[in-house]
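Quick note: the coordinates plus some simple rules give every number you see, no bench work behind them. Keep in mind that this is a model prediction, so the values were computed, not measured.
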Amino acid sequence: MQIKKAGAVAVGALATVAAMGAPAAATTYGHAPTADKAQAMRALGSQFLGGGTARGGWDAPWDQEQQALLSVGTGSALTAASWQACGGVGGWGVIAAGVAASSPNTVVGDCANANIKLSQDTIPGVVSVLSDTAVSVASWQSCGSVIGGGVIAVGAALQSPNTVLGSCDNSNIVITHDHGYNTHHEESASLEEVANATALRKVPAVKAATTRGYNTWGATKAAPAAASRHGGWDAPWDVEPMTFLSVGTGSAAQALSWQVCASTAGMGVIAVAASASSPNTVLSDCNNANVWIDQDDPTALISVLDNSSVNIAPWQVCGSTIGGGVIAAGVSLQSPNTVFGNCNNANVTID
């Protein structure tokens, strides 16, 4: 309240000087009209205090975004047991079997599962725990494959080719920063640059999603508005809020992200996959458990595991015949596996 009063006094003084310096409209009593004084006061008030950047001035000191005392899990994403079978034959679960005979599976587009994109666009609290954080557990994707996955699982294909004409994307995470309250940040890397750096691609599952500062997946972030139109200066009070303790903010954690891509695989405790005269083909890329973190400079006095990536057991079977797990078998007879693109697994970029 004292700041408000001080600002009002400053505006009043400046307005008085402006009114005195300007030619006063003549009246019978020789005084400037009250309307002109009010207009001068409003103009100077808009220019210096309370006008906002839209009208060419600074935001008022009291017109700032509020900082939470405690922030836990704000703006975060949790994904668990996201299973996707895309153009394949599989048995998944505790006791499961998938069998195909003379039954080809074809996907003309892309297969996307458990992909996450977060934008750090909120003010972290004085104490921030796991805010703007992505957690993905047991995200499984079978893409153009024959698979037995789980505790006791069997997948079998006879004269049943599996074909995916697009790409397969599983459990890829992108975390960018876009703090709307702080206009000093440089632009975050565009998601096109993210795709080039981590072998991610434009994931269809989130293509339509919009977040603050981005229009669509793959689009570059709009340039931030200038902090102030008044001579290019920032207001003295327009500073970034400081966090006292931050734990795991802007981080990514993954466990058991499994992707089987154009393959015959048995994965699990007791798992068998067999194919006969059943080729598996993917005509594009297979991307699994890749992480991009566009980190912000630390703003906490105490920072623990911020902007970090933890990835446990990210398995990718790409164009292969494999048995992976405790008791697992993969058997292929006259069933070639083909991937025409790239196989990218668990690549991490922290910029």
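Here the 3J(HN,Hα) profile of region 321-326, calculated from phi with Karplus coefficients 6.51, -1.76 and 1.60 at θ = phi - 60°, is 10, 8, x, x, x, 6 Hz, Gly and Pro shown as x. The mean sequence distance of close C-alpha pairs (under 8 Å, at least 6 residues apart), as a share of the length of region 101-169, puts its relative contact order at 61 percent. Close amide H contacts of Asn105 (hydrogens built in the peptide plane, cut-off under 5 Å, sequence separation of 5 or more or a different chain): Asn162, Thr163.
Amide H contacts for Gln316 (H built 1.01 Å from N in the peptide plane; partners 5 or more residues away or on another chain; cut-off under 5 Å): Gln259. Separation of region 263-335 and region 103-144, taken as the distance between their Cα centroids, equals 14 angstrom. For Ala274, the residues whose modelled amide H falls within less than 5 Å of its own, excluding neighbours fewer than 5 places apart on the same chain, are Gly155, Ala156, Ala157, Val331.
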